[in-house]
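Structure, as structure tokens:
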Amino acid sequence: MRLVLAPFLSLLVACAAPVADPPATDPATDPPATDPSTDPPATDPPSDPPPPAYPDGAAGTKQGLVFPDVEIEGYREGTGEWTKLAMRDYYDPDGKKGITGVYVIVAAEWCGVCQQEAARLPKEYPAWRARGARFLQVLGQDSGGKPAYKAVVDRWQTRFHLGLDVGADPKLDFMPKGATGFPTCFVIDPRTMKIVRVLPGVTSDGSIPGLEQVVTRNGG
């Protein structure tokens, strides 16, 4: 019996052996404690600079005026969540956003010409976007001539699959006063947000008068 227990007891003692204390250090050689009151104050990480203020100038929807900083709701690049879209998003005074030109298309769901324009935009827009141009199509009326809301934009997107910013403008804030025709289009310089051209319709060949000059001048 003793021959069996002896190794067992030895094993238990070996497992329960205390760990030796580390050698004491000489206080004279320990690094001095730091005084918290002398530590440099913590600094917050740098924040992004505020966006530039939208241009003052005379605002309106006529050629030569600053386009009003209108805000609507819609989809960015035609996808994602329903969100705010504002003209200030396209303001790029120093070119840091890479925007070289802005083309706004005010359309209506019932408008046949608007439908034709929307059908060719997915093919034409990528080349413009690669040069820094940004397109925004806003729908002002539904198929019955009533104010357009999210449901109208959703139907429009399902039909045409636009890859550009698209939103609803039920109050027709983008339309020039007194104008009744759709589509109405604007070519805007993002450096100043001034309207370069007001186009009462679209061209049959898909060209956009004035946009080429603006994009080229701004490096696109």
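A few points about this structure:
- Residue under evaluation Arg159, criteria (1) at pLDDT 95 or above; (2) under 12 Å from Ala108 (Cα atoms), criterion not met: (2)
- Index of the failed condition, Gly60 passing every other in (1) within 22 Å of Lys171 (Cβ to Cβ); (2) touching a helix residue (DSSP H, G or I) at 6+ places or on another chain (Cβ under 8 Å); (3) at pLDDT below 95: (2)
- Test: Val102 is surrounded by 15 or more Cβ atoms within 10 Å (Cβ to Cβ) and either on the phi > 0 side of the Ramachandran plot or in contact with a Lys or Arg (Cβ under 6 Å, 6 or more places away or on another chain) (or both): yes
- Of all the listed residues (Pro190, Pro126), the sole one being closer than 22 Å to Asp89 by Cβ, surrounded by fewer than 14 Cβ atoms within 10 Å (Cβ to Cβ) and in contact (Cβ under 8 Å) with a residue 24 or more places away in the chain is Pro126.
- Looking across segment 143-197, just one residue is small (Gly, Ala, Ser) and closer than 20 Å to Val215 by Cβ, and that is Gly163.
One line per residue, one yes/no per condition, for (1) within 15 Å of the chain's Cα centre (by Cα); (2) not polar (S, T, N, Q):
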{"position": "Ala58", "(1), (2)": "no, yes"}
{"position": "Phe67", "(1), (2)": "no, yes"}
{"position": "Gly80", "(1), (2)": "yes, yes"}
{"position": "Ile99", "(1), (2)": "yes, yes"}
{"position": "Val102", "(1), (2)": "yes, yes"}
{"position": "Gln116", "(1), (2)": "no, no"}
{"position": "Trp128", "(1), (2)": "no, yes"}
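- Single match in Val187, Val152 (criterion: within 21 Å of Val70 (Cα to Cα), modelled with pLDDT of 95 or more and under 21 Å from the mean Cα position of the chain (by Cα)): Val187
- Taking each residue of segment 57-70 that is free of Cβ contacts under 8 Å to residues at least 12 places away in the same chain and farther than 17 Å from Pro200 by Cα and looking for partners that are aromatic (Phe, Trp, Tyr) and assigned to a loop (DSSP other than H, G, I, E, B) with beta-carbon atoms closer than 9 Å, six or more apart or interchain, yields Ala59/Phe67.
- Filter pass, Lys150 being without any contact (Cβ under 8 Å) to a residue 40 or more places away in the chain, among the basic types (Lys, Arg) and out of contact with any Leu (no Cβ under 8 Å at 6 or more places or on another chain): no
- Scanning segment 153-166 for residues that are surrounded by 22 or more Cβ atoms within 10 Å (Cβ to Cβ) and farther than 20 Å from Pro126 by Cβ turns up just one, Val153.
The values are calculated or read from the model by the stated rules, or taken from the named source; none is laboratory data. Owing to the predicted nature of the structure, the values given are computational and were not obtained by experimental measurement. Glycine also receives a Cβ, built like all others from the backbone with ideal geometry; neighbour counts cover every protein chain displayed.
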